[in-house]
Amino acid sequence: MLKKYLWLGGGTLDIWNKFRCLGTVKTTHIVIATFFICLTLLLSVAFYYTVLAYKTYERRFEVMSLTVRLNIDLKNLYSEDIEKVDLANRSNQEKALALNAIIQPLFDDFSKQYPNYCLGYYDNRFKLIAAQAPNLKPFILQPITESDICFVSNESDKLEIVENTNSVGWNRKGTISVTLPFSVDNILIGHIWATTKTDDVYQSVFEYSIGVLGFLAVLLFIPYKIAMFVIRKLRTQLSSFAESILQDDSVQIDTQILPELNPLLTAAKVHSQQFRTYEAIVRNSNDSITSIDLDYRIKSINPAGQKMYGYNATEALGQEIFILAVPGGISELKEVLDRVKSGEEILGYDMKRRKKDGKVIDVSSSITPIRDDQGQIIGLMGIHRDITERKQMEAEMKRLDGLNLIGKMAASIAHEIRNPMTTVRGFLQLLGSKPKLLDHKNYFELMIEELDRANTIITEFLSLSRSTPIELNIHNLNTILSKLLPMLQADALKNEQNIVVELEEIPTFELNEQEIRQVILNLVRNGFEAMVAGGVLTIKTYLENNQAVITFRDQGSGIAPEVLQDIGKPFLTTKENGTGLGLTVSYNIVHRHGGTINIETSSKGTTFVIKLPLKRTLES
C-alpha cells in the first residue's frame with residue numbers, strides 16, 4: 001500500500017512539474033478554462049441535488065396523502081361491511097380470504113386511479129398480507145419475513161417512511177414507501193402501505209440539470225472568451241518583450257497594453273548585455289572556469305577547462321568535482337570547498353589536480369561562493385590556472401642555483417684538497433710496502449680506498465662547475481650505447497638481472513661522448529639497484545620532435561613522492577654508500593647539452609626520459 005501511495009505521489013509530482021514548465025500564459029489559460037469548467041459543473045451539481053431534494057419531498061408527500069386517504073376509506077369500509085362478517089371458528093387463512101374479498105376492490109379502485117403506486121394492507125392479527133394492488137397474487141396472503149425491509153414498519157405503531165435508492169425495490173426500481181398503522185377502536189390491527197417508484201424523479205431531475213448545464217455553459221462562455229482575448233494580447237506582448245531582451249538595443253516593442261514593462265525592459269537589456277559580456281569572458285578565458293552546486297557536482301565548465309582537464313562538457317557536467325582530485329587529495333579538496341561553502345573566499349590556493357588521462361598537474365585556484373538574490377549560497381565558482389610549467393621552472397631554477405653554488409665551491413677548493421690527499425696516498429702506499437709494516441697492510445689499503453672514494457666525489461664536484469668547458473663533437477647516440485652494452489650486460493649478469501636494448505635510427509649530432517657515457521652509466525646502475533633479482537631494465541632510443549630521446553625503464557617499486565619532488569638535488573640518496581651526486585651530475589650534463597630529464601614513476605617501476613636537441617646533424 002505504501003508503495004502505491006509513493007507511486008501516486010511521484011506521478012502527481014511529475015504532472016505538476018510538467019504543468020509548471022508550460023509557461024505563465026499557457027498556465028493561466030489552463031487555470032481559467034479549468035475554473036469555468038469547474039464552476040459550471042459545481043453549479044450544475046448544486047442545482048441537481050436541490051431539485052432532487054424538492055422532487056423527492058413532493059413525491060413523499062403524495063405517497064403520505066394517498067396512504068391517509070386509503071386509511072380513511074378502509075375505516076369506513078370496516079364499519080360498514082367487515083364487522084358484519086362472521087369470522088369465528090375460521091383459520092387465519094380463511095379469515096384473511098374473507099377479509100380480502102371485502103377490501104380488495106377498494107385497493108383495486110385506488111390502483112386504477114394511481115397506476116404508478118403499489119398499495120397493500122397487512123393484518124397483524126393474521127400475520128399475512130390481506131390485500132394488495134396491483135393484484136400480485138403470489139404475494140397475497142403471504143407473511144412478511146424479518147429480513148424484509150418492511151418488517152420493522154409493519155411491527156411499528158407509528159407512521160414509517162422507507163426510501164430505497166439502491167434500485168432493488170418494487171419492479172427492481174428505487175422506491176419510496178409509507179407505512180401507516182391501521183386501528184379500529186384504538187386497537188392496532190394492521191398496516192396500510194403505499195409505494196411508488198422514484199426513477200422517474202431522478203430521470204426528470206437529470207434532464208433538468210442537463211438543460212441548466214447547457215445554459216450555464218453558454219452563459220459562462222462569454223466571459224471565458226473575453227478572458228482568452230486578453231490573455232492572447234498579454235501573451236503577444238510578453239513574447240515581444242522576451243524577444244526584445246535577446247535582440248539588439250535598437251529593437252523597440254509596443255508596450256501600450258503593459259506600459260509597466262518599459263523600465264523592466266530597460267533593466268533587462270542592461271543585464272542581458274552584461275551577461276553576454278561575462279559569457280564571452282568565460283568562454284574566451286585561458287583559465288579554467290567551473291561552477292558546481294552544493295553537492296559538489298559540476299554545473300558548467302568553459303572550453304579552457306575542458307582543454308586543461310581533458311573532459312568535454314558532456315563528460316564533465318553532472319560529475320562530482322572530485323574526479324579532478326589526485327589520489328589521496330579528495331579530503332584536502334573537500335576541506336577547501338567546505339570553507340567556501342560556509343562563505344569564505346579562497347584566492348591563489350595551489351593544489352594538484354588530475355586530468356582525464358591520469359596526468360597530475362599543478363593549478364592555482366581561486367574559489368568563491370555563488371549567491372542568489374537573497375544572499376543565500378547556491379553554488380561555488382572556481383578559476384583555475386595551470387602552473388605546472390611555472391612550478392617546473394621554479395624547481396629547475398632552484399636546482400640549477402644549487403648546482404651553480406656547488407660548482408663554484410668545487411672549482412675553488414678541489415685543488416687545495418687534492419694536493420694533500422695525493423701526498424697522503426703516496427706515503428700510505430710507501431708505508432704499506434715496507435716489510436716491517438706488512439701486518440698492517442690491510443689498514444693501509446682501506447685508507448687508500450677511502451682516499452680514492454673522496455677523490456671520486458671531488459671529481460664529480462668538478463663536473464658540476466659551470467666554468468668547466470664542454471667539448472662537443474659529432475657522435476651517434478646509438479654507437480655510444482652499443483660500446484657500453486657489453487659492460488652493462490656484465491653488470492646485469494652480476495646482479496642476476498636482464499637488460500633489453502631497443503634502438504631506432506637516430507642521426508649523428510653534437511655531444512660530449514664522455515659525459516653522455518657517464519649519464520648512461522649512472523642511470524643504468526640506478527635502475528639495477530632499484531630492482532630485485534630477475535628484473536628487466538629496458539633502454540630505448542628514438543626520434544621525437546627533432547630531438548634524440550633515450551629512455552631507461554626499470555621494474556622497481558617506484559620513487560616515493562617525497563623523494564621525487566627533491567630528486568636531482570645534491571647529496572640526496574637512498575643508498576647506504578651513495579654520494580647523492582650521481583643524478584645531480586647527470587642533470588647538469590644533460591642541461592649543458594640543452595636537454596631535459598623527465599621522470600615517470602609508479603608502483604610498477606620508473607622511467608627516466610632524456611631528450612637532447614639535434615643542434616647540428618650530419619648525413620651518414
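The values are calculated or read from the model by the stated rules, or taken from the named source; none is laboratory data. Treat the numbers as computed from the prediction; the structure is a model and nothing was measured. Don't worry about glycine lacking a Cβ; one is built from the backbone with ideal geometry, like all the others, and counts go over all protein chains shown. Only protein heavy atoms, including side chains, enter the accessible area calculation; ligands, DNA and RNA are left aside. Shrake-Rupley method; radii C 1.70, N 1.55, O 1.52, S 1.80 Å.
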| Using a 1.4 angstrom probe with every protein chain in place, what is the largest-first accessible-area order of Lys391, Lys299? | Lys299, Lys391
| field | Highest average packing first - 190-203, 494-507, Cβ atoms within 10 Å | value | 190-203, 494-507
| Given the pairs Lys307/Lys540; Lys391/Lys540; Lys334/Lys398; Lys307/Lys356, which span a C-alpha to C-alpha distance of over 22 angstrom in this model? | Lys307/Lys540; Lys391/Lys540; Lys334/Lys398
| field | Heavy-atom SASA rank of Ser300, Ser364 (probe 1.4 Å, accessible area, largest first) | value | Ser300, Ser364
| Separation of the Tyr443 and Val45 label points, Cα + 7 Å toward Cβ, nm | 11.8
| note | Phi-derived 3J(HN,Hα) across segment 302-311 with the Karplus relation (6.51, -1.76, 1.60, θ = phi - 60°), rounded Hz, x for Gly and Pro, is 7, x, 5, x, 4, 5, 5, 9, x, 9
| field | Mean accessible surface per residue for segment 312-351, computed with a 1.4 Å probe while every protein chain stays in place, in Å² | value | 55
| note | For segment 474-520, dividing by residue count, accessible area per residue (probe 1.4 Å) in Å² works out to 52
| said: Please list, ordered by chain and number, the residues whose modelled amide H lies under 5 Å from the amide H of Gly535; skip anything fewer than 5 residues away on the same chain. | reply: Asn498
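Ignoring ligands, DNA and RNA, please state the percent of accessible area on segment 272-385 from carbon and sulfur, probe 1.4 Å.
Here carbon and sulfur together make up 51 percent of the probe-accessible area.
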